[in-house]
Every structure is written in structure tokens, then in C-alpha cells.
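The structure appears below as C-alpha cells.
Each reported figure results from applying straightforward, stated rules to the coordinates on display, with no laboratory input. The shown structure was predicted, so the numbers you read here are calculated from the model rather than taken from an experiment. Because the Cβ atoms are built from the backbone with ideal geometry, glycine has one as well, and the counts that use them run over all protein chains shown.
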Amino acid sequence: MILTDFDYVRPADLAEALELLAGTPGARVLAGGQSLIADLRTGETTAPLLVDVRRLAELRGVRRTEGGHLRIGSATTLAELASDRRVLDEAPALAAAARANGDPQVRNLGTVGGNLSAGGRATDLPAAAIATDARVLVAGPGGRRSVPAEEFAAQGVPAGSVVTALTVPPARAGAFEKTADRATRYPVCAAAVRVGPAGLRIAVTGATVRPVRLRGVEDRLRDGSFSTEAVLAAFRAEPRTLFVPGRGNSAEYLGHLAGVLTARALARAVALE
Ligand SMILES: Cc1cc2nc3c(=O)[nH]c(=O)nc-3n(C[C@H](O)[C@H](O)[C@H](O)COP(=O)(O)OP(=O)(O)OC[C@H]3O[C@@H](n4cnc5c(N)ncnc54)[C@H](O)[C@@H]3O)c2cc1C
């Protein structure tokens, strides 16, 4: 086991956390530790300092913003997210993605911010965040920013920054479907959708190079006919290079799987309308 020495600090507030990150090059944010500690053990990551943000009050809990959106603090655990009544009713794809995650121990410790920021590995929440049209709130050296979830998935966490929350416009009809890797439970492929007056949104993760919104598929399904045949045809029209072969799965197979999961998610979401 490679576990190099590091310092550990639990700051009193977000301002102190940002100061610590700015003051120590290579310092990392620690939340539930479900990815980071394993990566430190294997040597995949090293860090001179871990800044533990899990107990910061500003990062905790779910509340409603003045604009009527849900604000989900980044230190909210996946278990809390999966069982929160408002999230279940108004962002069902997010709740289902949190529930699909790992095992109960991981859901009890792993956080929203950590799952969104895990980078490198495909995780479940980013696709659901993209499909729900969520924005990621980030505090960093340049101040505070609100970034669309798709842009955040492409860029990752800026150096020295802390993800503080996810904001989500409420939409009743959404769903998330996943085929999990049997050993790890990470997604081989997962699809998240939102339907209804706010418009159709479809995102996938696992089978693609990163979590992505599928605008081409959305356009082909604009007429609202979500039969399995129509959805599979819409996926067949996507460039095969979108799907990244791996673990014995061809791009062809992953494209088909993404279509099947999307068709299932759409059927589930339409039933909630
Ligand atoms: C057995 C097992 C099964 C798993 N199965 C799944 C699965 O099915 N699906 C899935 O999606 N994931 C799965 N995971 C991954 C797990 O869900 C993530 O590890 C977890 O959600 C990460 O959250 P965390 O709070 O533990 O983050 P940490 O491990 O503490 O941090 C992860 C990364 O995010 C950064 N980070 C954390 N919080 C913030 C923040 N607020 N701001 C900026 N950066 C931050 C850290 O610096 C680090 O780089 C599994 C993990 C294990 C161990």
C-alpha cells in the first residue's frame, strides 16, 4: 500500500478552506473520502494536505432558493439526496442516480460534491445533473461561479476551488437508468432524462468519454414519440465514435445499450408527467 504522508485540516468555514487550498500547492478537498482515500492508497493521487469540507455548514442540506430552485449543498450525502422528499418529487433523476450508487456504506459517506468531482472515473450524478439542467456552484480564488453541469463535467474542478452546491430547476418528470459494472457498481452505461414543459433533455455517462448531453437524440425525438424503436433509431443516427469501447464492450453495443436505457428512462419519466 502506497500512502504517502499528508497533513489533514478541518477548517471552520469556507473562507478558511479556500485559504488553505490557496496556501498549499497540491492540497486536495476531502469530503466523504470514498474515492480520494482509495486513490491516495494506490498512489494514483498524492496530496501534501487534505482540507476536510464535509462538516462545513454552508455546504450542507437541501433548501429552496428565492427563484424556486432546489439548492443541494455539496456535502449532502448520496443517501440524503436519495431520500429527500423535495428531490424525489422535483428532481427524480438525481434521486435515482444517488440511489443507484455503490452500496449503502458508500451512499452514507459519499457526497454530492465528491461524486460530481470524482473526475477520471465515470460516476452517476453528473449525467443526472446534466439532464435536470442543474448548475454547479463553485467558490475559488476568482470568487464564486455558477457553471452548467455539462460544462463542469467537461472542465472539472478548477484548482484551489470548492464545489459548494448544485442548483436544480424543479421538474416532476425525470428518470435515471443504469447498467452497473458487476464488480464495482460504477456505470457501464447510465442514461438520465427529463421530459415535460421545460423541454426534453437526455444525458449519458459511462459509455462516453465523459458525461454528455445528447442534443442530436433530443432533436430526433422532438415529436414526443418515445417508443423503444424510435429511441433506438435516434441513437443509431449518432456517430459511433461517441461511444468508447472498453471492458469487452464494443462501441456498437454501448450505443445500443445507451438507447435501451434511455427508452426505459423516458417511459418511466413520461409516467410521472
Ligand atoms: C465500493 C464503491 C462503490 C462505488 N460505486 C459507485 C457507483 O455505483 N456509482 C458512482 O457514481 N460512484 C460509485 N462510487 C464512487 C463514490 O460514489 C464516490 O467515491 C463518492 O461519491 C465521492 O464522494 P466523496 O464525498 O466520498 O468524495 P471524496 O472521495 O472525498 O473526493 C473525491 C474527489 O472529489 C473532490 N471533492 C470532493 N468534494 C469536493 C468539493 N466539495 N469541492 C471540490 N472538490 C471536491 C476531492 O478532492 C476528490 O478529488 C463507488 C465507490 C466505492 C468505494
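How many residues, within the range 42-54, are farther than 16 Å from Ser161 by Cα, surrounded by 14 or more Cβ atoms within 10 Å (Cβ to Cβ) and out of contact with any Asp or Glu (no Cβ under 7 Å at 6 or more places or on another chain)?
The number of residues fulfilling the criteria is 1.
With the requirement that a residue be within 16 Å of the ligand (Cβ to nearest atom) and part of a strand (DSSP E or B), what does the range 67-108 give you?
Within the range 67-108, Arg71, Ile72, Gly73, Thr77 qualify.
Kindly indicate which of Arg145, Arg222, Arg172, Arg182 is more than 15 Å from the chain's Cα centre (by Cα) and assigned to a strand (DSSP E or B).
Arg145
Can you tell me how many residues in the range 1-41 are in a helix (DSSP H, G or I), exposed (fewer than 13 other Cβ atoms within 10 Å of the Cβ) and away from the ligand (no atom under 12 Å from the Cβ)?
Residues flagged as in a helix (DSSP H, G or I), exposed (fewer than 13 other Cβ atoms within 10 Å of the Cβ) and away from the ligand (no atom under 12 Å from the Cβ) within the range 1-41 amount to 2.
Of the residues Gly160, Gly113, Gly196, which single one is of a type in the set (Gly, Ala, Ser) and part of a helix (DSSP H, G or I)?
Going through Gly160, Gly113, Gly196 in turn, the sole match is Gly113.
Considering only the range 116-136, state which residues are polar (S, T, N, Q), within 9 Å of the ligand (Cβ to nearest atom) and not in a helix (DSSP H, G or I).
Thr123
Rundown of residues vs (1) aromatic (Phe, Trp, Tyr); (2) touching a residue at least 24 places away in the same chain (Cβ under 8 Å); (3) under 16 Å from Thr167 (Cα atoms), yes/no style:
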{"site": "Glu16", "(1), (2), (3)": "no, no, no"}
{"site": "Pro25", "(1), (2), (3)": "no, no, no"}
{"site": "Leu81", "(1), (2), (3)": "no, yes, yes"}
{"site": "Glu90", "(1), (2), (3)": "no, yes, yes"}
{"site": "Pro104", "(1), (2), (3)": "no, yes, no"}
